[in-house]
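The values are calculated or read from the model by the stated rules, or taken from the named source; none is laboratory data. What you see is a predicted model; the values in this text were computed from it and never measured. Note that each Cβ is placed from the backbone with ideal geometry, even for glycine, and that neighbours are counted across all protein chains shown. Protein only, heavy atoms only, side chains kept; ligands, DNA and RNA dropped before computing areas. Shrake-Rupley method; radii C 1.70, N 1.55, O 1.52, S 1.80 Å.
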Amino acid sequence: MQDRTEAKVLDPCCGSRMFYFDKEDSRVLFCDERSAIETLCDGRVLEISPDLIADVTALPFSDSTFPLVVFDPPHLDVGAGWQAAKYGVLPKDWRAWMTGAFAECWRVLADDGTLVFKWYEYRIPLADVLACAPCRPLLGNRRPKGSKTHWLVFFKAAG
């Protein structure tokens, strides 16, 4: 593990860091509530190895710490097997959990900071998830063609 004490980017639900070009980028503090190494059904190895074990609904950071937060929460509301291992599963009361997770990401986000949010619309519609957000997103892909994955950007203006 690299020293990430000066990280400017927080990923509080990093999972296996799937969309990072550099999975060891020292600018990012990778957090997750779980750590695991598991062989999937197709023989691939899934490694979830956060720099810090942390609960996204109770982050151990001061207010306004990070200029960029990347929030890619679990999107499955039920599940077992390789998908649950890879992506994680939301708790039964996912609305309360998502509201708390958004609130914590917003709390640790610096003024004039950016929150990048990724959501895969598996069974829970994006509109239901955005009802848990602290504000409306600034921009994003509302209706991605050929995919159910949404990327949205929130901006926290100072004051």
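If you go through segment 102-122, how many residues are closer than 26 Å to residue 79 by Cα, in contact with a strand residue (DSSP E or B) (Cβ under 7 Å, 6 or more places away or on another chain) and not β-branched (Val, Ile, Thr)? Break it down into steps so the answer makes sense when it comes.
Restricting attention to segment 102-122, the residues satisfying the condition of being closer than 26 Å to residue 79 by Cα are 102-105, 116-122.
Next, only the ones that are in contact with a strand residue (DSSP E or B) (Cβ under 7 Å, 6 or more places away or on another chain) stay: 105, 116-122.
Pick out the ones that are also not β-branched (Val, Ile, Thr) and you get 105, 117-122.
The total comes to 7.
So that you can scan it fast, the table gives a plain yes or no per residue for (1) of a type in the set (Asp, Glu); (2) open to solvent by less than 80 Å² (accessible area, probe 1.4 Å); (3) in contact with a Lys or Arg (Cβ under 9 Å, 6 or more places away or on another chain); (4) under 21 Å from residue 111 (Cα atoms):
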{"residue": "20", "(1), (2), (3), (4)": "no, yes, no, no"}
{"residue": "55", "(1), (2), (3), (4)": "yes, yes, no, no"}
{"residue": "58", "(1), (2), (3), (4)": "no, yes, no, yes"}
{"residue": "63", "(1), (2), (3), (4)": "yes, no, yes, yes"}
{"residue": "67", "(1), (2), (3), (4)": "no, yes, yes, yes"}
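Considering each of 28, 45 in turn, give the residue that is of a type in the set (A, V, I, L, M, F, W, C) and in contact with a Leu (Cβ under 9 Å, 6 or more places away or on another chain). I'd like the intermediate steps shown before the answer.
Details: 45 fails: in contact with a Leu (Cβ under 9 Å, 6 or more places away or on another chain).
Among 28, 45, only 28 is of a type in the set (A, V, I, L, M, F, W, C) and in contact with a Leu (Cβ under 9 Å, 6 or more places away or on another chain).
With the requirement that a residue be open to solvent by less than 20 Å² (accessible area, probe 1.4 Å), hydrophobic (A, V, I, L, M, F, W, C) and assigned to a loop (DSSP other than H, G, I, E, B), what does segment 73-97 give you?
The answer is 90, and nothing else.
Residues of segment 22-48 being in a loop (DSSP other than H, G, I, E, B), touching a residue at least 24 places away in the same chain (Cβ under 8 Å) and open to solvent by less than 80 Å² (accessible area, probe 1.4 Å), which ones?
Of everything in segment 22-48, those that are in a loop (DSSP other than H, G, I, E, B), touching a residue at least 24 places away in the same chain (Cβ under 8 Å) and open to solvent by less than 80 Å² (accessible area, probe 1.4 Å) turn out to be 26, 34, 40.
Do we have residue 70 as under 14 Å from the mean Cα position of the chain (by Cα), modelled with pLDDT of 85 or more and assigned to a loop (DSSP other than H, G, I, E, B) here? First the steps, then the outcome.
Working: under 14 Å from the mean Cα position of the chain (by Cα): yes; modelled with pLDDT of 85 or more: yes; assigned to a loop (DSSP other than H, G, I, E, B): no.
Against the criterion (under 14 Å from the mean Cα position of the chain (by Cα), modelled with pLDDT of 85 or more and assigned to a loop (DSSP other than H, G, I, E, B)), residue 70 does not qualify.
Going through segment 98-127 one residue at a time, which ones are assigned to a strand (DSSP E or B), surrounded by fewer than 17 Cβ atoms within 10 Å (Cβ to Cβ) and of a type in the set (A, V, I, L, M, F, W, C)?
Within segment 98-127, just 110 meets the criteria.
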